[in-house]
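Asker: Below you will find the structure I want to go over with you.
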Amino acid sequence: MAISAVQAVSFTADASSANVSVNPTAANALIVGGSCYTGALAGSAFTVTRTGDTYTTDTEGGTTSGINRNYTGIASAPNVAGGAATLSCTAVNASAVDGWAVEVSGLPTSSIRDATSPAVAIGAGTTTTANSLTNVTADAIFFNQIANDTSANPATLTEPGTYTTVVGGTTMKRTNGAADQVCALGFRIVSATGAETPAWTTTTGNWSSGIAVYKAAAGGATIPPGLGPVVGEQLSTSSALAAMMR
């Protein structure tokens, strides 16, 4: 089976945990990217739970200096339970959480990670660049979770040309106290091995960038560009997993 991003849903809350109902096909995988605003030192646990699934946090980290602090993580679960059930994304010490859950088909039913993720990259400025990650399996899907906190309003965030922003090409944005948080989850399906260091352009501020990669099931292949489903287009017509944007 070819790798395909089937559908996605976004979620947000002015709290340390955000919840959303997801309704995937049984045995597919769910990849969850989340970012949080934190007034305390960024350096807390990023966890995802959903009844019937087993999630691992594949990468997490964030900025630890300045007034504009954020934390970013990516978690995954193979062979998920089918049917509607509440998914919860929690970042300890956070005062606001934004995130996305993406259903992916064509991955194994266990051990879906292709390579170990590097540490989350952090920095400041107008370009966010993830630490480099190379896939071992030719057919794979990369995910890149981005967060940026800045006193600028409105904040902006633009994906690299090779990545697709989850949920209709729209980033989340909130104003929380003196800080604006803008964040997004992007993905890229590949059919050859190679190093990925996705770079987004953004408003000057403190940013964090996490990257993870997942492999195709044995005998699977990626769908050639232009033939597979597009997450943003599906969301625009799907009532089952309508995006709740803010």
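Asker: Inside segment 185-220, can you point out the residues that are surrounded by fewer than 17 Cβ atoms within 10 Å (Cβ to Cβ) and modelled with pLDDT under 95?
Answerer: Once the filter is applied, which keeps residues that are surrounded by fewer than 17 Cβ atoms within 10 Å (Cβ to Cβ) and modelled with pLDDT under 95, segment 185-220 yields T201, T204, A218, G219.
Asker: Right, another one. For residues that are in a loop (DSSP other than H, G, I, E, B) and aliphatic (A, V, I, L, M), scanning just segment 149-162, find the one that is surrounded by the fewest Cβ atoms within 10 Å (Cβ to Cβ).
Answerer: It comes out as A152.
Asker: Return yes when A27 is surrounded by fewer than 20 Cβ atoms within 10 Å (Cβ to Cβ), modelled with pLDDT under 90 and assigned to a loop (DSSP other than H, G, I, E, B) and no when it is not. Spell out the reasoning first.
Answerer: Numbers: surrounded by fewer than 20 Cβ atoms within 10 Å (Cβ to Cβ): yes; modelled with pLDDT under 90: no; assigned to a loop (DSSP other than H, G, I, E, B): yes.
No.
Asker: Can you pull out every residue in segment 122-144 that is of a type outside the set (F, W, Y) and crowded, with 20+ Cβ neighbours inside 10 Å?
Answerer: I122, T128, A130, L133, N135, D139, A140, I141, N144
Asker: Quick one: how many residues across segment 102-140 are over 16 Å from E60 (Cα atoms) and of a type in the set (A, V, I, L, M, F, W, C)?
Answerer: Final tally of qualifying residues: 8.
Asker: Continuing with this model, one more query. Does D53 satisfy being within 13 Å of the chain's Cα centre (by Cα) and modelled with pLDDT of 90 or more? Explain how you work it out, then say what you get.
Answerer: Working: within 13 Å of the chain's Cα centre (by Cα): no; modelled with pLDDT of 90 or more: yes.
Taking the combined requirement at face value, the residue does not satisfy it.
Asker: In the list I146, I141, which residue meets the criterion of being in a strand (DSSP E or B), aliphatic (A, V, I, L, M) and closer than 21 Å to S191 by Cα?
Answerer: I141
The values are calculated or read from the model by the stated rules, or taken from the named source; none is laboratory data. Here the structure is a predicted model, which is why all the values come from computation and not from measurement. Positions of Cβ are generated from backbone atoms using ideal geometry, with glycine treated the same way; all protein chains shown enter the neighbour counts.
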